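Laboratory data are not the source of any read-out in this text; all were calculated from the coordinates shown. Since the structure is predicted, the reported quantities are computational estimates derived from the model, not experimental observations. Methodologically, a virtual Cβ is constructed for each residue, glycine included, from the backbone with ideal geometry; neighbour enumeration extends over all protein chains shown.
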Amino acid sequence: MLNIILTDHAERDHLLPLTLTRPVGKIRIGLWTIEEKWAHYANANVSFLTQDYLKKVFPAEYSSSNFYVNGAVLPSEQLIQQITDMDEGQTLMSKGHWIATKSSEELDQFVVDGAEILADVVDRAWKIFQWNDRAIKDDMKVIRSMRSSQPVPEWVTLIGNDIFIEEEAELMPSIINTLEGPVYIGKGAHVMEGTMIRGSLALMDHAHLKMGAKIYGPTTIGPHSKVGGEVNNSVIFGYSNKAHDGFIGNTVVGEWCNLGADTNTSNLKNNYADVKIFNYALGRSESTGSQFCGLTMGDHAKAGINTMFNTGTVCGIFANVFGGDFPHRNIPDFAWGGAAGFKNYRLSDALEVARLVMERRNIELTDDLIEVYTYLHKNFSISK
């Protein structure tokens, strides 16, 4: 079995705030996280070489033959073959991106010079939703090679036949259109009555679509998430809720987030210009090269009822946003407030909310996670 160590590289800082609380390889695109893709596609043991403050939670596992792979790289059959064919000490590159190095040693630095190949590198947050359609379709091929779908209930109106349903999923009377993309319904997922789905869609394990939800693909709703209202071309990593009416489009939402009733995101500027979003690494906004980009929200962020997010908003981790009018398009980490301004969200309060939210999913806020969040508050909150 291959021993793959997904390694945070230069791309990591351009994916903040999503990568403040996780290695790059924990980003979800398509059905799975990048880590899960490598495990399924390559039948590999996968671990992480990440930031020092994250290493207790996401440790590296070494062997006598290690394949260090850029955590932002999506696997493919061709790429897996190119990596397995590498000689000891060899490095692969793609258009200026370090891709992989094979070494029997425990490395923490990598030579950025090697054989040139083609690879897909998720080096900006907006690529997560832009590439989600292809990612869902690629992952569906792998799923179908592993097992067979459960039958479609007779009371579901199915248009096309490109659907895969896992065991224990529950589908109530709903309309599912797979002509433009496949639909995946995960184990224990629940599609409530009146839901309308236009693929591609990945509804992951134990996720819920609320009554009357309108889902336009390509969209991924991660495990244990609850979604209602209208969603278009968005990726929710998992354990997050948008349970009520309101619209999100061309949006990426991390874990443990909550969007209050009638929260809305703008994903198109009134002048139809390309959308710019804030980049932590550059310290300024940069163009996405697209007219469509909504919200990028870090882990544990919350939005009160009737919150309005402007086009291309970046919302930091543990931000708590509320009130009328549009808040700033760059919402700091651990920020508390809205359009009138933000103050610091006290660490003790943030940790208590995180503990309560995670307990509802029977997940413990461990001492190691508290250490991570304490480090982040010290170094990234607006009171630093």
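Each Cα pair under 8 Å and six or more residues apart adds its separation to the average, and for the chain the resulting relative contact order is 10 percent. Can you tell which of Asn271, Asn310, Asn250 shows the greatest fluctuation in a Gaussian network model of the chain with Cα springs below 10 Å? Evaluated over the chain, the most mobile residue of the options is Asn271.
For Lys214, a cut-off of 17 angstrom between C-alpha atoms picks up these lysines, skipping any fewer than 8 places away in its own chain: Lys226, Lys242.
Could you tell me whether the range 3-123 comes out rounded, prolate or oblate from its Cα gyration tensor? Rule is a ≥ b ≥ c as square roots of the eigenvalues, rounded for a/c under 1.5, then prolate if a/b exceeds b/c, otherwise oblate.
Numbers: a/c = 1.32, a/b = 1.22, b/c = 1.08.
Rounded, since a/c falls under 1.5.
Comparing mean-square fluctuations of Asn132, Asn306, Asn258 from a GNM of the chain with C-alpha springs under 10 Å, the top value falls on Asn306. Neighbour counts of C-beta atoms inside 10 Å place Ser285, Ser65, Ser103 in the sequence Ser65, Ser285, Ser103, starting with the fewest. As a proxy for reagent exposure, ranking Tyr375, Tyr272 by other Cβ atoms within 10 Å from fewest up yields Tyr272, Tyr375. Here is how the number arises for the chain: DSSP H runs of 4 or more residues each give -39500 (n - 2.57), the sum is divided by the residue count, and the result at 222 nm is -5000 deg cm²/dmol. Within a straight-line Cα-Cα reach of under 24 Å, Lys141 can be paired with the following lysines, leaving aside sequence neighbours fewer than 8 residues apart in one chain: Lys26, Lys37, Lys127, Lys187.
Defining a contact as two alpha carbons under 8 Å apart and six or more residues distant in sequence, what relative contact order in percent does the range 3-123 show? Kindly include the intermediate steps, with their values, before the conclusion.
Numbers: 228 pairs, mean separation 33.0, N = 121.
Relative contact order of the range 3-123: 27 percent.
Bridging of Lys210 to aspartates and glutamates at a Cα separation below 15 Å is possible for Glu170, Glu193, Glu230, Asp245, Asp262, once same-chain residues fewer than 8 apart are set aside. Among the trypsin sites (Lys or Arg not before Pro) within the range 74-135, those in coil by DSSP and having at most 12 neighbouring Cβ atoms inside 10 Å are Lys95. Averaging Cα coordinates gives a centre for the range 341-383 and one for the range 212-245; these two points are 24 Å apart. Measuring from a point 7 Å past the Cα of Ser290 along Cα-to-C-beta, which residues in the range 199-238 have an amide N at less than 19 Å? Only 199-203, 215-222, 230-238 fall inside the zone, counting backbone N under 19 Å. Comparing mean-square fluctuations of Ala60, Ala273, Ala339 from a GNM of the chain with C-alpha springs under 10 Å, the top value falls on Ala273. When Glu170, Glu11 are arranged by Cβ crowding within 10 Å, least crowded first, meaning fewest neighbours, the order is Glu170, Glu11.
Just to confirm my numbers, what's the Cα centroid distance between the range 89-161 and the range 258-285 in Å? So the separation of the two Cα centres works out to 26 Å.
When the Cα gyration tensor is reduced to axis lengths a ≥ b ≥ c, the ratio a/c is 1.5 or higher for the chain, and with a/b not above b/c it is classed as oblate.
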